[in-house]
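> Handing you this structure, nothing more for now.
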Ligand SMILES: Cc1cc2nc3c(=O)[nH]c(=O)nc-3n(C[C@H](O)[C@H](O)[C@H](O)COP(=O)(O)O)c2cc1C
């Protein structure tokens with residue numbers, strides 16, 4: 001039976017599945033429920049020193065469903081960080097650490113571009129007993145108007161400076177949460193790692209417009225007839241999150257060995273989590289799926305992760321973390337490898353005969369009508 005427990009930056013987690021910052025970590029009550037259900041750690045909804053500046057609207061979510069089964073595959077939100085008072089949060093951090101002394105509670109924090117504000121928020125949260133920090137440099141809506149969130153995360157220079165402020169005060173591990181709304185996620189990740197953070201978390205939501213209502217002609221979510229671009233999450237973002245985690249994991253492996261990565265984006269199952277770990281993640285966070293089905297899903301997810309590990313005889317998370325990174329190469333190299341593989345398969349005598357792929361897939365100039373539907377399917381199957 002696989003051992004799912006893991007130690008990340010000195011934090012002891014019963015398993016690598018973590019509640020991501022968002023509605024499932026919105027107060028002590030629900031955070032306690034997440035611990036009770038067996039989540040490996042919880043990151044609270046992002047807190048700031050002055051919640052009076054945080055004013056939310058309703059509706060603030062929009063959902064994308066598949067045509068047939070109406071399954072929710074994409075989710076946009078224009079929700080801000082926590083609008084609950086900072087003093088209340090400090091009390092709740094203390095209560096949670098009293099009740100769950102052995103469980104890992106991570107404070108997600110965000111502040112304006114002022115050194116004293118970042119130092120104050122770090123010092124007060126850690127005095128309340130939180131086990132680690134996740135700095136939210138990545139919320140794509142609302143806060144950037146105040147130069148917070150992704151406005152910082154998109155600017156490596158500012159990010160490095162702010163991370164240095166945080167590191168000067170923090171006595172517990174710090175993760176920097178990255179925005180995907182950049183061309184090369186390695187650049188801000190490097191800046192945070194240069195400043196000394198223990199880990200990177202990726203990704204936050206992707207800037208999006210979820211759709212336009214064809215009756216009212218108004219984009220959604222419709223707030224008094226208007227909207228603003230929001231952040232996209234849920235199942236549909238997982239391929240983008242996997243790519244970005246792969247890029248950060250390679251950066252950590254090659255330039256910052258020993259630092260850690262927390263993968264986020266579209267995770268809905270133990271098999272999804274296994275893929276993030278195979279690409280180098282130490283922990284895997286879940287937000288929208290918990291909003292869809294509740295905290296109990298962790299049990300099934302852990303069973304599935306455990307079954308995956310047993311199938312491959314992996315005894316621990318360390319046994320397979322980053323295993324699949326070695327299989328990324330350049331397109332040029334793929335062409336070379338395929339030519340070699342085909343030549344080897346054909347053998348010297350039959351080298352000139354058509355390969356199996358050629359028999360199924362026609363050359364582009366031979367396509368006619370809807371032929372490309374069949375061709376596309378064949379090209380996906382390989
Ligand atoms: C409604 C909602 C609110 C969120 N609030 C926060 C937040 O306060 N701080 C933060 O760092 N991320 C926040 N996120 C982003 C999630 O933590 C996560 O990075 C993102 O949703 C991708 O993961 P998922 O597909 O599992 O939801 C929020 C996401 C959603 C859907």
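Rule-based calculations on the coordinates, nothing more; no lab input. Treat the numbers as computed from the prediction; the structure is a model and nothing was measured. All Cβ positions, glycine included, derive from the backbone under ideal geometry; neighbour counts span all protein chains shown.
> At a 10 Å Cβ-Cβ cut-off, how would you order 44, 163, fewest neighbours first?
So the residues, fewest neighbours to most, are 163, 44.
> Sticking with this structure for a sec: Report D for segment 1-143 in µm² per second (integer): Stokes-Einstein, Kirkwood Rh on Cα pairs, 20 °C, 1.002 mPa s.
The Stokes-Einstein estimate is 131 µm²/s.
> Could I ask something else about it? Given a cut-off of 19 Å, what percent of all Cα-Cα pairs of segment 259-317 lie beyond it?
Counting every Cα pair in segment 259-317, those more than 19 Å apart make up 27 percent.
> For q values of 0.26 Å⁻¹, compute log₁₀ I(q)/I(0) with the Debye formula on a Cα-only model of segment 145-197, without solvent.
Debye output, listed in q order: -1.00.
> Right, another one. Taking the chain as a Gaussian network, Cα atoms linked when under 10 Å apart, which of 209, 174, 166 shows the biggest mean-square fluctuation?
Result: 209 has the largest fluctuation of those listed.
> If we count other beta carbons within 10 Å of each Cβ, what is the order of 319, 87, 364, fewest first?
Lowest count first: 364, 87, 319.
> Please express the shape of the chain as an equivalent ellipsoid: the semi-axes are the square roots of 5 times the eigenvalues of the C-alpha gyration tensor, given largest first in whole angstrom.
Sorted largest first and rounded, they come to 39, 26, 21 Å.
> Could you tell me the distance between the Cα centroids of segment 95-141 and segment 213-263, to the nearest Å?
If you average the Cα positions of each part, the centres end up 22 Å apart.
> If neighbour count is taken as other Cβ atoms inside 10 Å, put 141, 282, 365 in order from fewest to most.
With the fewest neighbours first, 141, 282, 365 line up as 365, 141, 282.
> Let me ask you something else. On C-alpha positions alone, give me the angle between the axis of helix 86-99 and the longest principal axis of the chain, in degrees, nearest 10.
Approximately 80 degrees, to the nearest 10.
> Related question: Provide the percentage of antiparallel DSSP beta bridges, counting only those with both residues in the chain; round to the nearest 5.
35
> Round to the nearest 10 and give me the degree value, 0 to 90, for the angle of helix 297-311's Cα axis relative to the longest principal axis of the chain.
So the inclination is approximately 40 degrees.
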